[in-house]
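First up is the structure itself, then whatever we jot down about it.
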């Protein structure tokens, strides 16, 4: 059989082959979900005709990226990957959704051929734009394919993606929507009626419609997507459970019966022995086809977190001398620009806050590598995830409150996919000042603290910020860096020179002893270190304060902490954050686990504040200079 060219109509032989291919896929889908007695067969069967067409005639030859955003149709994805010869067919049927096996209920990057694991709806379509932008940055003519469910388009992230793809003219992006008109609980019309054709047309997409079970129409629509100078959405009219005799009638009536219900064993056995039984001739045809498969997916390379990125240039730090007040976000902007000059795979993005988060510093010199996504934080973080899996190093920036609240789901999915996204948030804590409690994020670290593949950092001043930004850029893994808005002086050694100078080397999990003492340990973070240093200097000669600056929230420096507490027996923590999910909770946990008997006082933000200047708010919240001084005097008296 000849592999058809893009734009060339399918002949009878090719159509017959696709009928055999999709019959075998449906056979595997029914066998999978029946064996597991779990899964989503309806959508898998409605979408398999499209997936089979592009995999057989495009992906098998080119290896272009496919992102399946409606990850619950995993049975369809695994079935076509098996037919291509990428994964063992019988293994996936036996191991689907089984404990300790890689064939998870929602698609996962553990499976060879899956580019990004999805499940939460709306995310994958944004990830695909990251792949598409990466191809444009590399100046290739490769296309990116994505698939989404119709009900999935209820999600706001789909709209964020839609406008972004239009803005950046992603003419190399084809999105197929499996329009079976059924959602989980009921029909599309009853659950949430939306006109997808008009919605995508209003966003200036090239919109095509086809019968999602007619191979000629599918192939024709795919061919036309190559001709457009816009991103293309193919609206494929399908039937849930198509091709399975006991499922298809309910799907045709727009009933959600088979969305997430497996067939009974006797139903599956009858179907597999009857309508879906493969003949020897059909099996032979598929075996012959596999000889024409030119491309095979590599095993997804899982890079261990904190692995140095080969060939990355970190440059020299920008050291700010004592004497002027500076903000950490300004240091971030300058460091980002330096890195962009040295490494052409450094990219940045923001959500209508470029001037505030300082990505505009890089944008002035490298506008083609700085992406403005609009007020669309969810899309931004998923877009960054896609870019990072195509050897780009993305810095995604917004205010802490938006990054960790609105985009938590997207950051979590990046964490599961072990991406390489650098999330840098400014305006964190009470430092944001007059904007009030809606923007004074004092719970952001708690949002990400449960992640397994994301490290959380908080620099102590502008100089340490520079060092940290260079470190996270040069090491693989997801990072969340939080910093405030206001300006304060850089930290100094006792001789008055910058503490975080050009000789300083940042180490993840290493705390810094800013001042040595033996009566009380003060652990401070972020801008609180500046306040604590002023207090320690003021009390010098009266009370000996050991001041420790911590920056690695995910990895507490136990050795430094224990050594200090064995000496002082007393500790005060001070942070611009809620203590329940902040540094106090982390440090107190270490103290308990180490079995230390010490006196503890945690200074932190314990209720929402109103508007005011940062230092005024610190005083009002009980984390100001006078509050720390009183706490030290009380604990040492």
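Can you give me the distance in nm between label points at residue 566 and residue 110, each placed 7 Å from the Cα along the Cα-to-Cβ direction?
4.1
Using only DSSP helix segments of four residues or longer, with each worth -39500 (n - 2.57), what per-residue ellipticity at 222 nm results for the chain after dividing by its residue count and rounding to 500?
Computed mean residue ellipticity for the chain: -11500 deg cm²/dmol.
Consider a paramagnetic label point 7 Å from the Cα of residue 141 along Cα→Cβ; state which residues of region 163-186 have an amide N under 14 Å from it.
172, by backbone N distance to the label point.
Taking square-rooted eigenvalues a ≥ b ≥ c of the alpha carbon gyration tensor, is region 479-591 rounded, prolate or oblate, where a/c under 1.5 means rounded and, failing that, a/b exceeding b/c means prolate?
Details: a/c = 1.38, a/b = 1.05, b/c = 1.31.
The shape class here is rounded.
Please rank 79, 544, fewest neighbouring Cβ atoms within 10 Å first, as an exposure proxy.
Fewest to most other Cβ atoms nearby, the residues stand as 544, 79.
How would you classify region 354-455 from its alpha-carbon gyration tensor, with a ≥ b ≥ c the square roots of the eigenvalues: rounded for a/c under 1.5, else prolate if a/b is greater than b/c, otherwise oblate?
Because a/c hits 1.5 or more and a/b fails to exceed b/c, region 354-455 counts as oblate.
Roughly how far apart, in whole Å, are the Cα centres of region 277-303 and region 347-378?
Going from one Cα centre to the other spans 43 Å.
Run the paramagnetic zone check for residue 277: 7 angstrom along Cα to Cβ, then residues of region 23-66 with backbone nitrogen under 19 Å.
23-32
Using a Förster distance of 25 Å, how high is the FRET efficiency between residue 435 and residue 167, based on the Cβ-Cβ distance and rounded to 0.05?
Calculated value: 0.35.
Could you work out how far helix 123-137 tilts from the main Cα principal axis of the chain, as a 0 to 90 degree angle to the nearest 10?
Compared with the principal axis, the helix lies near 90 degrees.
If we count other beta carbons within 10 Å of each Cβ, what is the order of 25, 153, 328, fewest first?
Listed from fewest to most nearby Cβ atoms, that is 153, 25, 328.
What full-extension length gain, to one decimal in nm, is calculated for residue 61 and residue 192 as 0.36 nm per residue of separation minus the Cα-Cα distance?
43.3 nm
For residue 295 and residue 204 in the same chain, what is the full-extension length gain: residue separation times 0.36 nm, less their Cα-Cα distance, in nm? All intermediate terms of the calculation are to be shown ahead of the outcome.
Numbers: separation 91, 0.36 × 91 = 32.76 nm, distance 3.34 nm.
Length gained between residue 295 and residue 204: 29.4 nm.
Taking a ≥ b ≥ c as the square roots of the eigenvalues of the Cα gyration tensor of region 13-290, is the shape rounded (a/c under 1.5), prolate (a/b larger than b/c) or oblate?
prolate
Evaluate the distance, in nm, between pseudo-label points positioned 7 Å from the Cα of residue 505 and of residue 12 along their respective Cα→Cβ axes.
7.3
Using the number of other C-beta atoms within 10 angstrom as an exposure proxy, rank 486, 379 with the fewest first.
486, 379
Please give the length that would be gained between residue 90 and residue 321 if that part of the chain were fully extended, namely 0.36 nm times their separation in residues minus their C-alpha to C-alpha distance (nm, one decimal). If you can, show how the numbers build up before the last one.
Numbers: separation 231, 0.36 × 231 = 83.16 nm, distance 6.55 nm.
Length difference between fully extended and current span is 76.6 nm.
At residue 368 and residue 220, where each label point lies 7 Å from the Cα along Cα→Cβ, what is the point-to-point distance in nanometres?
It is 3.8 nm.
Using only Cα atoms and rounding to the nearest 10 degrees, what angle (0 to 90) does helix 528-538 make with the longest principal axis of the chain?
Its long axis makes an angle of about 10 degrees.
Among 170-181, 207-218, what's the highest-first ranking by average C-beta atoms within 10 angstrom per residue? Write out the running numbers ahead of the final one.
Working: 170-181: 25.8, 207-218: 19.8.
The densest-packed peptide leads the list: 170-181, 207-218.
Rounding to the nearest 10 and keeping the result within 0 to 90°, find how far the Cα-based axis of helix 156-167 lies from the longest principal axis of the chain.
Rounded to the nearest ten degrees, it is 80.
How much of the DSSP beta bridge set in region 325-489 is antiparallel, as a percent to the nearest 5?
Close to 10 percent.
FYI, it's all coordinate maths here, none of it is from the lab. This one's a predicted model, so the numbers in the text were calculated from it and none came from an experiment. Because the Cβ atoms are built from the backbone with ideal geometry, glycine has one as well, and the counts that use them run over all protein chains shown.
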